[in-house]
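Let me begin by presenting the structure, written as structure tokens, before commenting on it.
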Amino acid sequence: MIENLKNILQQQSDPTRAQSQQKYMKDHFVFYGLLKPTVKELAQPFLKESLSWDIATIINRSQLLFHEEKRECAYIGVYLLTQNHKRFSYTELQQCYPLIDTNPWWDSVDALQKFFSLWIQKHPEHLREVSITWNNSSSLWQKRSALILQLGHKQKLATELLSEIIISNKDSSEFFIQKAIGWILREYSKTNKIWVREFIVQHPDLSNLSKREASKYLS
């Protein structure tokens, strides 16, 4: 089934765009040269069929897609999970954690955020446990995931938890951590400028990058 999907992607491949995409991603991955809307459109029959699969099959096929050479396959792995997120139990969700560190880079990690975030919004009682589990990991990418998990939660964002996670990461030297701190604060400022402004004032030792990103909509 995955081989058939890969053949479809290959038939639509664009070698010139693939080279540009590979360069943009710092040569970490190779590509078919397809734009994400095209990838999702081509994968629609595969995604629609997945609604009849059990969750174990969905997790297994997502894992296989994340291990494929061409980067677009990982994106389809995320689409597969997201398509079926309402069907996951908490135990099954936990089985997806290793995907965060499977051929990781910001594109796959940030794409997985939507899957995890949608599930958490349905099961907010697990928000703290998921966030703290990731934040306590030694993995840069799990820490980033903990920081951005509440993107899009707007008025339902748990500010005390977010504050705790940001404070535990604010001294990190990792670019992707500092960028994530700024990102989640910037997005939440669209909902609650006062809280974000006060948080920045109360924590003047936030990195310049985080403060610059966070302050984009505060002026």
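Of all residues in segment 118-170, count the ones that are of a type outside the set (A, V, I, L, M, F, W, C) and closer than 15 Å to residue 192 by Cβ.
9
Could you tell me which of the residues 26, 48 is of a type outside the set (A, V, I, L, M, F, W, C), exposed (fewer than 15 other Cβ atoms within 10 Å of the Cβ), modelled with pLDDT of 95 or more and assigned to a loop (DSSP other than H, G, I, E, B)?
The unique qualifying residue is 26.
Can you pull out every residue in segment 192-202 that is surrounded by fewer than 17 Cβ atoms within 10 Å (Cβ to Cβ) and not β-branched (Val, Ile, Thr)?
Across segment 192-202, the qualifying residues are 192, 193, 195, 197, 198, 202.
Can you spot a residue in segment 186-205 that is of a type in the set (A, V, I, L, M) and farther than 16 Å from residue 219 by Cβ?
no
So which of 5, 64 is touching a helix residue (DSSP H, G or I) at 6+ places or on another chain (Cβ under 9 Å), assigned to a helix (DSSP H, G or I), hydrophobic (A, V, I, L, M, F, W, C) and crowded, with 17+ Cβ neighbours inside 10 Å? Before you say what the answer is, go through the steps one by one.
On the way: 64 fails: crowded, with 17+ Cβ neighbours inside 10 Å.
The conditions single out 5.
From the list 175, 116, exactly one residue is at pLDDT 95 or above and under 23 Å from residue 79 (Cβ atoms). Which is it?
Only one candidate passes the filter, namely 116.
Can you find a residue in segment 68-82 that is assigned by TED's automatic domain parsing to the domain that holds residue 48, farther than 17 Å from residue 31 by Cβ and crowded, with 20+ Cβ neighbours inside 10 Å?
yes
Going through segment 119-159 one residue at a time, which ones are among the basic types (Lys, Arg) and within 26 Å of residue 76 (Cα to Cα)?
Passing the criteria: 122, 143, 144.
Might you check whether a residue that is in contact with a Cys (Cβ under 8 Å, 6 or more places away or on another chain) and among the aliphatic types (A, V, I, L, M) occurs anywhere in segment 13-24?
no
Here is a yes/no grid of residues against (1) closer than 28 Å to residue 36 by Cα; (2) out of contact with any strand residue (DSSP E or B) (no Cβ under 7 Å at 6 or more places or on another chain); (3) crowded, with 17+ Cβ neighbours inside 10 Å:
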residue: 93; (1), (2), (3): yes, yes, yes
residue: 96; (1), (2), (3): yes, yes, yes
residue: 109; (1), (2), (3): yes, yes, yes
residue: 122; (1), (2), (3): yes, yes, no
residue: 127; (1), (2), (3): no, yes, yes
residue: 142; (1), (2), (3): yes, yes, yes
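Restricted to segment 159-191, and to residues that are surrounded by 15 or more Cβ atoms within 10 Å (Cβ to Cβ) and among the hydroxyl-bearing types (Ser, Thr, Tyr), which residue is nearest to residue 215 (Cα to Cα)?
189
The values are calculated or read from the model by the stated rules, or taken from the named source; none is laboratory data. Keep in mind the model is a prediction, meaning the values are calculated, not measured. All Cβ positions, glycine included, derive from the backbone under ideal geometry; neighbour counts span all protein chains shown.
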